[in-house]
1. Yes or no: Lys156 without any contact (Cβ under 8 Å) to a residue 60 or more places away in the chain and surrounded by fewer than 18 Cβ atoms within 10 Å (Cβ to Cβ)?
2. Between Ala82, Ala90, which is closer than 30 Å to Gly174 by Cβ, aliphatic (A, V, I, L, M) and modelled with pLDDT under 95?
3. Taking into account only those residues within the range 170-187 that are assigned to a loop (DSSP other than H, G, I, E, B) and without any contact (Cβ under 8 Å) to a residue 24 or more places away in the chain, which is nearest to Val74 (Cα to Cα)?
4. Select from the range 123-165 the residues that are modelled with pLDDT under 95 and among the aromatic types (Phe, Trp, Tyr) and list them in ascending order.
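The values are calculated or read from the model by the stated rules, or taken from the named source; none is laboratory data. What you see is a predicted model; the values in this text were computed from it and never measured. For neighbour counting, all protein chains shown are included, and Cβ atoms are generated from backbone atoms with ideal geometry for every residue, glycine included.
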Amino acid sequence: MMVGEIRYGETASLSVHAALTGHIVLATLHTNNAIGVIPRLIDMKVDAFLLPSVLNVMISQRLVGQLCQKCKQVVSAPTKIAEIIKKELAALSEESKKAAKYKEPYQVWRSPGCKECKNKGRVGRIAIFEALAMTPELEKIINDQPTENNILEEAKRQGMVTLRQDGILKALEGLVSIEEIIRETSEA
């Protein structure tokens with residue numbers, strides 16, 4: 001069952017009931033990130049004790065402009081941006097750090113525009129993601145008055161790559177603008 005958007009408690013309640021009766025329910029919910037799903041559903045008066053039974057994975061995504069591969073140019077990251085990159089890469093799980101082999105001085109990309117991209121510097125959009133899985137540990141947190149902070153701690157323990165971290169990794173690959181990633185993930 002696909003629910004276009006859960007905006008109200010009634011829709012949330014019906015979706016939870018459908019999931020409890022064995023239906024696979026896919027739904028959208030407006031939050032700043034995957035961590036915000038649980039508090040948002042509780043705010044909609046869904047009983048917290050039901051959430052571990054009905055939630056499997058919470059995914060957050062944002063679409064950002066994809067840099068034109070024809071005119072992109074590499075530049076050294078400005079000091080303040082390099083500090084943000086360093087901080088976010090340091091917070092990655094050990095497994096993610098091994099996969100992301102970026103070292104200082106960080107290089108980022110700009111696209112000034114060309115004939116290929118109609119002088120926009122962008123060609124389409126690309127998604128940045130984060131995913132939070134339901135675990136026995138997260139279930140304990142939910143059953144013990146969850147806050148975004150203790151959900152975030154569990155997400156870190158799981159090794160979740162945040163929206164900002166995923167975006168920074170894509171910026172270091174030259175797929176997206178680091179400035180857009182920082183702007184789009186300031187609340188995430």
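1. Details: without any contact (Cβ under 8 Å) to a residue 60 or more places away in the chain: no; surrounded by fewer than 18 Cβ atoms within 10 Å (Cβ to Cβ): yes.
The answer is no for Lys156.
2. Values: Ala82 fails: modelled with pLDDT under 95.
Exactly one of Ala82, Ala90 is closer than 30 Å to Gly174 by Cβ, aliphatic (A, V, I, L, M) and modelled with pLDDT under 95, namely Ala90.
3. Residue satisfying both the conditions and the ranking: Glu173.
4. Across the range 123-165, there are no qualifying residues.
The rows are residues; the columns are (1) under 18 Å from Ala127 (Cα atoms); (2) in contact with a strand residue (DSSP E or B) (Cβ under 9 Å, 6 or more places away or on another chain); (3) in contact (Cβ under 8 Å) with a residue 60 or more places away in the chain; (4) surrounded by fewer than 18 Cβ atoms within 10 Å (Cβ to Cβ).
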{"site": "Leu26", "(1), (2), (3), (4)": "no, yes, no, yes"}
{"site": "Leu29", "(1), (2), (3), (4)": "yes, yes, no, no"}
{"site": "Val37", "(1), (2), (3), (4)": "no, yes, yes, no"}
{"site": "Lys45", "(1), (2), (3), (4)": "no, no, no, yes"}
{"site": "Leu50", "(1), (2), (3), (4)": "no, no, no, yes"}
{"site": "Met58", "(1), (2), (3), (4)": "yes, yes, yes, no"}
{"site": "Arg62", "(1), (2), (3), (4)": "yes, yes, yes, no"}
{"site": "Gln66", "(1), (2), (3), (4)": "yes, yes, yes, no"}
